[in-house]
Structures are given as structure tokens and as C-alpha cells.
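S.K.: Sharing a structure below in C-alpha cells format, with a few things to ask.
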């Protein structure tokens, strides 16, 4: 038997039992290993589905161009479908994604445009906006929009869900997966609940994504959105494919836990998988541990592992990259607390209030020799920040700006970090914004200290000079 094209090999991926990592839970834990798909990920399923749906609706003509914003895996699935069907592909992605992902897309004949990560979704430079613009400009093209395209969810209703039901002989009791576009967890979960309404569906979200808080509180909180390293999962928007009614619970996992679990899956279970797989498994084990009292040996838990480790060789499986992000044993044991101890005890943060004028802030900055200040309200909450650059821009634009209130000019709040944060990880916070962070040094009275890049350099130089390890 043979297939007419590579598309015939998509799906029917295996279930693999998790042994060492799941020793402490009483149930059976299985991994749905999606890197067995020809494009190396679960997204091969929606690549076929979205293209064929567009064809059936007459939205693309022969020889046309497929356009999509992708973190890499959906692009690979679409590129394979395009090769089989004779289409051109243009993909937009972000500078956060691994070089391996970009290389795979180009190897499959696609054109790839790399866009900045840290911009708003509706910013013209974002990979969402760039994809939409290209679809408007290029004749006989279509922006498939995996986030809102219901054929994404439908692909999992028709394939992933039925496969899990058949492979477990209807014994599956829990389905756990990460959420990005929402199609995988929503489609698979919907099918499984149609077979057995008691199946529990759990979503796993990275810190910095909006899903967790939206699920638990019904609030889209912009303050929850901040950069995170884990690729291909979580969102700063609410895609139409994300059906929260299908999900019974959401948990969150930080980048460090994700990366370490990704490596453990390779080392302890022989599963050479990607970052979002590590996040899904870490979240699954966390949830199962928290609910251990309600689980039995008859429970069958399936965790979906979306992709392969080969797309993260320069990142998660690179020791230097792991160390530079604080995900492996650190080369020094210096933390934020060490920085604070090197300062005089009286050195507390100099802050502005929202009602202060720019003129008064200028005087304080000049007197203290500083270039940025946090903005605290009457409750001592961090509500913004003000820098000499912002002030300078205002003065250039208007000579009367000295009388302007800080609240009308201030930027985003400075991040607040714990004293236990390692200095190698602190650098990721200092690379953006005003180049400073706050540390809550006294929780009872809300006192803060500020740490800048120069503090980080000084602390690391002092540690290295003293042979800290």
C-alpha cells in the first residue's frame, strides 16, 4: 500500500506511556506524540484542513498564494499541503522563534518574513498585521488565519479526538494540552466530551499569556501580557478557535520549568520533543499532583505533545542558551538579594506620583543623578514609569510641558521582581523598556528598591572577581 502524496501520512500518531516522570501519580499517563506527522508537528492536521476548506469555498484558485502568520509549525504543515497541491507560500513569523523553524519553512520552499515580537497585535509591524496586508496586496492569495479559521478546530474534531477515543478504547478520562490558537484543545476536547461528558479537559498556559486569567476570571488583562520564551503556545489575543466552555481547568507553567521538563522528557522517557511539549507535560504533572486524591488507577490521562526537539537544537538543547536564560545550573549563585546587600541600607527608590509635574521630576532627577523613576500612586502601587527620554520628547514638542502631569506622560510600569531572582535571568527584564526593575524590599510597607543595568554589571563583575560559583 502507498499514499498518493505525503498528505496521506498525516495523523494516526502513537500514544506512548509516560513511566518515570509519572511514578508519583496513581493513574495511567499517555503522551500523544505528534512529531510522527510528516511535518513534525500537530499542525500538519490543520494545514490540510484549512487549505482544503479554502478550496471547497472557492477562496483560492490554482497556482495561488497561501499566506499565514505562524510560530513555525503551522507553516510547515501548510507548506507540505501547498507542495502537494501546487500553491506558493508566504509566512510571517516573529523574531522570538528558533532559527531552525525558519530554516525548515524555507527548505520547504516558503518565503518567510520575520517580524518583531514585542509589538501590539494591531501594530502594522506585527506578524498578524503583516500577513493581512500581504493578502490584500497579492492577487489570488488567501490569509488562512489559523486563529479564527474554524477548520482548525474541525480538523481535531475529525482526527485527533477520534484517534484518542479509539486508541484508548474509550477509556480516556482526562485530556491535557497547551493552547495557542485554541484549535487543538477545543476540537479534541469537544469530540471527547461528546463521547463522554465526564472527560476532563485541562489547558496549560505559559506565564505572560492571557488564557489562564481569562478562563478563571473572565477578564482580558493587558497587564498579564509580557514576554516569555516558550514558543508556539499562549496568546496576547483571544482567538475565535479558543472555546473556553470545553475546558474544565487551566494551569500555568513558567519558562524555566518548561525548558527543564522538555529536557527531562528526552533524557528520562526518550521523547525528543519541543518546548510546548515540555510545558504541557509540566502542567499536566502539576495538575495531576494537585488532584491526586481524586485519581484512581482506572483513570487514563492523555497529554498532547505537539512537536519535535529538532526545531530547538539552538535553544532548549543548547547548554549555553539554557544557562544564559537561567534555565540550567547558574555559573554564579548571585541573586537580586546580593545586589541589594551591596548598597547602603538607606538607599530606597526615588519615585514620582501621577500628580507630580514634569518640572518637579526634572529637578529630582537632576539632584539625584538618575535617568528614570517609577510612578507610585497613593496606595504605593506601581502604576507607571517616567524616563528622561520621555521628558525630553515632551519638552521638545511643547515648551510648556514642565507643567504637564506625570500621569499624562508616563510609560508602562517597571517590572517587579523577587529578591531570589538570579542575575543571569534578570538580564531579560533589563533588555527592554526603561532598563530597570523594581524589587519589593518590605512587603509590610510597600517599600521598593530599583535595579538598573549598571547594578547588574557591577554585581556580576564583583562576583566573578571573588570567584563566586
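S.K.: Could you tell me whether any residue of the range 18-32 is buried (at least 24 other Cβ atoms within 10 Å of the Cβ) and either out of contact with any helix residue (DSSP H, G or I) (no Cβ under 7 Å at 6 or more places or on another chain) or modelled with pLDDT under 95 (or both)?
M.R.: Checked the range 18-32: at least one residue is buried (at least 24 other Cβ atoms within 10 Å of the Cβ) and either out of contact with any helix residue (DSSP H, G or I) (no Cβ under 7 Å at 6 or more places or on another chain) or modelled with pLDDT under 95 (or both).
S.K.: Answer yes if at least one residue in the range 206-215 is part of a loop (DSSP other than H, G, I, E, B) and either touching a helix residue (DSSP H, G or I) at 6+ places or on another chain (Cβ under 9 Å) or surrounded by fewer than 19 Cβ atoms within 10 Å (Cβ to Cβ) (or both), and no otherwise. So that I can check it myself, show each step before the final result.
M.R.: First pass over the range 206-215, keeping only residues part of a loop (DSSP other than H, G, I, E, B): 208, 210.
From what's left, either touching a helix residue (DSSP H, G or I) at 6+ places or on another chain (Cβ under 9 Å) or surrounded by fewer than 19 Cβ atoms within 10 Å (Cβ to Cβ) (or both): 208, 210.
The answer is yes, given that some residue of the range 206-215 is part of a loop (DSSP other than H, G, I, E, B) and either touching a helix residue (DSSP H, G or I) at 6+ places or on another chain (Cβ under 9 Å) or surrounded by fewer than 19 Cβ atoms within 10 Å (Cβ to Cβ) (or both).
S.K.: While we're on this one: Got a number for residues in the range 12-67 being under 23 Å from the mean Cα position of the chain (by Cα) and assigned to a helix (DSSP H, G or I)?
M.R.: Adding up the residues that qualify gives 6.
S.K.: Of the residues 173, 160, only one is assigned by TED's automatic domain parsing to the domain that holds residue 232, modelled with pLDDT of 95 or more and either touching a strand residue (DSSP E or B) at 6+ places or on another chain (Cβ under 7 Å) or surrounded by fewer than 24 Cβ atoms within 10 Å (Cβ to Cβ) (or both); which? Break it down into steps so the answer makes sense when it comes.
M.R.: Values: 160 fails: either touching a strand residue (DSSP E or B) at 6+ places or on another chain (Cβ under 7 Å) or surrounded by fewer than 24 Cβ atoms within 10 Å (Cβ to Cβ) (or both).
Matching residue, one of 173, 160: 173.
S.K.: Given the structure, is residue 117 at pLDDT below 95, surrounded by 14 or more Cβ atoms within 10 Å (Cβ to Cβ), in a loop (DSSP other than H, G, I, E, B) and not assigned by TED's automatic domain parsing to the domain that holds residue 314? Show your work before the answer.
M.R.: Values: at pLDDT below 95: yes; surrounded by 14 or more Cβ atoms within 10 Å (Cβ to Cβ): yes; in a loop (DSSP other than H, G, I, E, B): yes; not assigned by TED's automatic domain parsing to the domain that holds residue 314: yes.
Yes; evaluated as a whole, the condition is true for this residue.
S.K.: Then there's this: Tell me, please, whether a residue that is touching a strand residue (DSSP E or B) at 6+ places or on another chain (Cβ under 6 Å), closer than 18 Å to residue 17 by Cα and either modelled with pLDDT under 95 or not assigned by TED's automatic domain parsing to the domain that holds residue 126 (or both) can be found in the range 250-269.
M.R.: Yes, the range 250-269 contains at least one residue that is touching a strand residue (DSSP E or B) at 6+ places or on another chain (Cβ under 6 Å), closer than 18 Å to residue 17 by Cα and either modelled with pLDDT under 95 or not assigned by TED's automatic domain parsing to the domain that holds residue 126 (or both).
The values are calculated or read from the model by the stated rules, or taken from the named source; none is laboratory data. None of these values were measured; they are calculated from a predicted model. Glycine also receives a Cβ, built like all others from the backbone with ideal geometry; neighbour counts cover every protein chain displayed.
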